[in-house]
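Okay, so here's the structure we're looking at.
The values are calculated or read from the model by the stated rules, or taken from the named source; none is laboratory data. As the structure is a computational prediction, the values presented were derived from the model and not from experiment. Here the Cβ is made from the backbone with ideal geometry for all residues, glycine too, and neighbour counts use every protein chain on show.
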Amino acid sequence: MNKILILLILSGTFTPVIQPQGAELKEASYYLTARSSQSRLEYKGRLAFAPLDQPDENYPTVMVDPTKTFQTIEGFGGAFTDAASVTFSRLSPEKKKEYLIASFDPVKGNGYTLCRTTIESCDYSEESYTYDPVEGDKELKYFTIDHEKKDRIPFIKAAQKVANNGIKLFGSPWSPPAWMKSNNDMLYGGKLKPEYDQTWADFFVKYLKAFKDEGIPIWGITVQNEPMAVQIWESCIFTAEEERDFVKNYLGPTLKKNDLSDVKLMIWDHNRGIMYQRAQVVYDDPEASKYVWGTGFHWYVGNHYDNVRLVHDAFPDKHLIYTEAGLGRGNLDDPERLNEWDTSERLAKSMILDLNNWTEGWVFWNLLLDETGGPCHVGCHGTSPIMYDSRKDELVYLNTYYVFGHFSRFIKPGAKRIIASSNDDNLLTTAFLNPDGKVAVVILNVGNKDTIFQVWTDKKAVKATMPSQSIVTFVFNN
């Protein structure tokens, strides 16, 4: 019998558990993470399907129909920020190996396959820096990514090796160089000066080619991170019309001219609230729209899940990627706040509802942070699914690591979303048909009581009990 190694990571150490693979439809494998227990991505065995023609309306049921398919998944993952890269560089060799397997190994770990990186510095950098600090350098003669060769590029390459070169990487700028901006500062907003529109477009090309020369192809780029946020860190403002015109007149044609049209160009890269209006301005202009692959979005102001679906419904030929989720604030000396379940539940809920509204990939923020929740040059203190305590050379696995793994481990690139319908308001669900024919059903129990429920498909049902405030993944052959 074929076997697969499922790694459960508890209290900072790996516990390998060998479990069988390849169940027929008569059985479903079952994995659990629960707030009120020690179960963290725990394999709970196989459960048998029994004949059931018609689910009862009053019996909590998730109904799955693999014959109806929707969007195709690009992947799941996090961001190679400066903070993550510097922190990774400080790990001992043993902890580097442990981290890479836990995050990127497609069998033993969470198997991240879609990741973000920053173009120049962001808030989660030790300092503010640009690839070209020379004022007025319109020809970009002084452009260099030497800064990235110390920590970020080695981290990406190490991850790609463990992931069997299976990571799609997209880059996002927080700000052009200060000399290109109206406020002469990479921080505090400001705008791109019109006289540097072409220079900034050329800057993207330089970036893409420089990383390719380092052996790191960039799968996609966003025009601007959070283009409506004036921040105390790196930021730059674009109105919808300014973003449209920059894409239409400069960035799109410049990518095409340099044979880079295959790079996935994404707009917006900000919150769900006004994402339809931002997308509509660009997509209703055929000359701008032809260069744009899709829309990126975040979760920081409200939920507004319907807006994700509205963008798809209005522009079904365009794509949707969730591009950034900061996972709360805290540090390793405040463990209760650091590992609160509410953050994990919000993460799972957002992933389920975004995926059900046509999102094709979901990416959280920092891949790795240290015990302070940094480093960060503007005093931010965030959390990452795995954090590093440099005082002990110890990796600490938060609940968000396991919750995210309920999606990234079992929903593979190329998977297609299928029907997953729940008749219980406390059971939120999404389901996918993987390229290998296996179905993955993710269910989140947001209720405060244990729930006996069933998964029904093709006149068969499998019954189980979900603890209160828990998440499960069922896997079975289609």
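Please report, ordered by residue number, the strands (runs of 3 or more DSSP E) entirely within region 338-400 with at least 3 residues that are within 12 Å of the chain's Cα centre (by Cα), of a type in the set (A, V, I, L, M, F, W, C) and under 30 Å from ILE419 (Cα atoms). Walk me through how you get there before you give the answer.
Working: elements: 361-366, 368-370, 386-389, 394-397.
In region 338-400, the matching strands (runs of 3 or more DSSP E) lie at 361-366.
The helices (runs of 4 or more DSSP H) found entirely in region 172-259 that carry 2 or more residues being at pLDDT 95 or above and under 21 Å from HIS298 (Cα atoms) are 240-246.
Going through (1) part of a helix (DSSP H, G or I); (2) surrounded by fewer than 21 Cβ atoms within 10 Å (Cβ to Cβ); (3) not acidic (Asp, Glu) one by one, PRO133 falls short only on (1). The set of residues from region 44-66 being over 30 Å from HIS312 (Cα atoms), in a strand (DSSP E or B) and in contact with a Ser or Thr (Cβ under 7 Å, 6 or more places away or on another chain) comprises just one member, ARG46.
So is VAL308 within 19 Å of CYS236 (Cβ to Cβ) and either modelled with pLDDT under 95 or buried (at least 17 other Cβ atoms within 10 Å of the Cβ) (or both) or not? Write out each step before concluding.
Details: within 19 Å of CYS236 (Cβ to Cβ): no; either modelled with pLDDT under 95 or buried (at least 17 other Cβ atoms within 10 Å of the Cβ) (or both): yes.
Answer is no for this residue.
From the list TYR300, TYR250, TYR276, TYR305, the lone residue that is more than 22 Å from the chain's Cα centre (by Cα) and among the aromatic types (Phe, Trp, Tyr) is TYR250.
So, in region 375-395, of the ones that are of a type in the set (Val, Ile, Thr) and surrounded by 19 or more Cβ atoms within 10 Å (Cβ to Cβ), which residue ends up nearest to GLY75 (Cα to Cα)? Lay out the reasoning, then the answer.
Here is the first cut: in region 375-395, the ones of a type in the set (Val, Ile, Thr) are 378, 383, 386.
Now narrow it down to the ones that are surrounded by 19 or more Cβ atoms within 10 Å (Cβ to Cβ): 383, 386.
Values: THR383: 22, ILE386: 19 Å.
Across region 375-395, the extreme among qualifying residues is ILE386.
Taking ASP151 as the residue in question, decide whether it is of a type in the set (Asp, Glu) and in contact (Cβ under 8 Å) with a residue 24 or more places away in the chain.
Working: of a type in the set (Asp, Glu): yes; in contact (Cβ under 8 Å) with a residue 24 or more places away in the chain: yes.
It is true that ASP151 is of a type in the set (Asp, Glu) and in contact (Cβ under 8 Å) with a residue 24 or more places away in the chain.
Of all residues in region 271-287, those being touching an Asp or Glu at 6+ places or on another chain (Cβ under 8 Å) and crowded, with 22+ Cβ neighbours inside 10 Å number 2. Residues of region 89-137 that are under 17 Å from the mean Cα position of the chain (by Cα), within 15 Å of PHE155 (Cβ to Cβ) and of a type in the set (Val, Ile, Thr): THR117, THR118.
Scan region 67-118 for residues that are within 21 Å of TRP365 (Cβ to Cβ), in contact with a Leu (Cβ under 7 Å, 6 or more places away or on another chain) and outside any helix (DSSP H, G or I) and the total you get is 10. Checked against the criterion of being buried (at least 22 other Cβ atoms within 10 Å of the Cβ), at pLDDT 95 or above and over 27 Å from SER36 (Cβ atoms), region 466-476 contains not a single residue that satisfies it.
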